[in-house]
Amino acid sequence: MQNIQWDKLKFEFMPTRSNIRFHYADGQWDDGRLTGDYNISMSVAANVLHYGQAIFEGMKAFCGKDGKVRVFRPYANAKRLNSSARQLVMPEFPEDKFVEAVQKVVRDNIDFVPPYGTGGSLYIRPVMFGTSPQIGVNASLEYELVIMVMPVGPYYKDGIKPVDAMISVDFDRAAPKGTGHIKAAGNYAASLLSSKKAKEQHFPIVLFLDPGTHTYVDEFSTSNFLAITKDGKYVTTLSGSILPSVTNDSLLTVAADLGMPVERRKVHVDELADFAEVAACGTAVVVTPVGKIVYGEKTIDYGWTEIGPQLKKLYDRMTGIQYAEYPDTHNWLVEC
Ligand code: COI
């Protein structure tokens, strides 16, 4: 067991024993290797540095109540990685090989998995990028897929305490028919200026509207949007420019299991004031409640100083499944 203060973990990079790397050349992926090296060597003309062929994923492994370590829904992430790859003209990576690689790197770093009861998890970050040296705008011929792991705690510093959000009025994170629906590194680069401006005004999180009309809610800079209506429905946004979040999909399923009606539909910005509870959801942020949303001169205050009751129910059931406290009836967990 590593000498780490598990209950003090933040969402921060930490090198561990190993990461696993695969190289793609001559039309195929190699067999991969574990390495303790956290640096890479590539040409300064590599595609990723100039033309941005870079996609990534986020997953977590949990130490369950029974002491076993399991990854949450890695096949869903494998599918999404390949959907991102197709959109950016990058090679797909076989799903089974992806899940085996995740298991292998988690097993090699098993002593970095936060013990059950500490509230932490092992974050798994696959990243794929084009490495061919080139100066013309073309898809790279060679790629690297690296899967790294690190123990993490909450993304926002107060854990599941509500955070205040600001709607981005000056910038979009994606274009209407652009790359908003895939996990392209560039989407996150595009959100940085809005996030910087929001943080300067003490808003830890930014909410983006649909880039076509700026009238419907899209998603947060780090995560999907979900809301609970006053009559107890789970509502999440439908848009062509948001990431299909594995966490949101899981929460929708959990909500239905708990008997909550669920709706995936367009959410007009004016509807924000009508919700009872609002949250950001994603692998990193899990379910982070939103206390207030500021939109220009207008402030919507949901009035929560703690996570609200419906979100708490969802959070407890979801983390209960992840930590093997509840049966995994949907077969989401893969043991390492
Ligand atoms: C995740 O939730 O895993 C992500 O990749 C989002 C990122 C902003 C941390």
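The values are calculated or read from the model by the stated rules, or taken from the named source; none is laboratory data. Predicted model, so just to flag it, every value in this text is computed and none were measured. Ideal geometry is used to build each Cβ from the backbone, glycine not excepted, and the neighbour counts take in all protein chains shown. Please note that ligands, DNA and RNA were not included when accessible areas were found on the heavy atoms of the full protein model with its side chains. Shrake-Rupley method; radii C 1.70, N 1.55, O 1.52, S 1.80 Å.
Before moving on, here are some points about what is shown:
- So Ile147, is it open to solvent by 40 Å² or more (accessible area, probe 1.4 Å) and either of a type in the set (S, T, N, Q) or at negative phi (or both): no
- Residue list for the stretch 182-197, restricted to those being out of contact with any Phe, Trp or Tyr (no Cβ under 6 Å at 6 or more places or on another chain), among the small types (Gly, Ala, Ser) and either assigned to a loop (DSSP other than H, G, I, E, B) or under 14 Å from Phe220 (Cα atoms) (or both): Ala189, Ala190, Ser191, Ser195
- Output for the stretch 1-18, where each listed residue is within 16 Å of the ligand (Cβ to nearest atom) and surrounded by 17 or more Cβ atoms within 10 Å (Cβ to Cβ): Leu9
- The one condition in (1) more than 12 Å from the ligand (Cβ to nearest atom); (2) at negative phi that Ser121 fails to fulfil: (1)
- Remark: pairs (first residue in the stretch 55-74, assigned to a strand (DSSP E or B); second residue of a type in the set (Ser, Thr, Tyr) and within 12 Å of the ligand (Cβ to nearest atom); Cβ separation under 7 Å; 6+ apart in sequence or on different chains) = Ile55/Ser84; Met59/Thr283; Lys60/Ser121; Lys60/Tyr123; Lys60/Thr283; Ala61/Ser121; Phe62/Ser121.
- Count of residues meeting criterion [within 12 Å of the ligand (Cβ to nearest atom), in a strand (DSSP E or B) and touching a helix residue (DSSP H, G or I) at 6+ places or on another chain (Cβ under 8 Å)] in the stretch 270-286: 3
- Residues within the stretch 140-173 that are more than 14 Å from the ligand (Cβ to nearest atom), hydroxyl-bearing (Ser, Thr, Tyr) and within 21 Å of Asp301 (Cβ to Cβ), tallied: 1
- Residue count for the stretch 104-126, restricted to those that are out of contact with any Ser or Thr (no Cβ under 8 Å at 6 or more places or on another chain) and open to solvent by 40 Å² or more (accessible area, probe 1.4 Å): 8
- Taken over the stretch 101-138, the criterion of being closer than 22 Å to Pro151 by Cβ and without any contact (Cβ under 8 Å) to a residue 40 or more places away in the chain is satisfied by Gly117 alone.
- Residues in the stretch 296-329 that are open to solvent by 70 Å² or more (accessible area, probe 1.4 Å) and outside any helix (DSSP H, G or I): Glu297, Lys298, Thr299, Asp301, Trp304, Thr305, Glu306, Glu325, Tyr326, Pro327, Thr329.
- Within the stretch 163-181, the set of residues being in contact with a Gly (Cβ under 8 Å, 6 or more places away or on another chain), part of a loop (DSSP other than H, G, I, E, B) and open to solvent by 30 Å² or more (accessible area, probe 1.4 Å) comprises Val169, Pro176, Lys177, Thr179, His181.
- For first residues located in the stretch 216-230 and more than 16 Å from the ligand (Cβ to nearest atom), partners that are among the basic types (Lys, Arg) and lie 6+ apart or on another chain with Cβ distances below 8 Å form the pairs Tyr216/Lys266.
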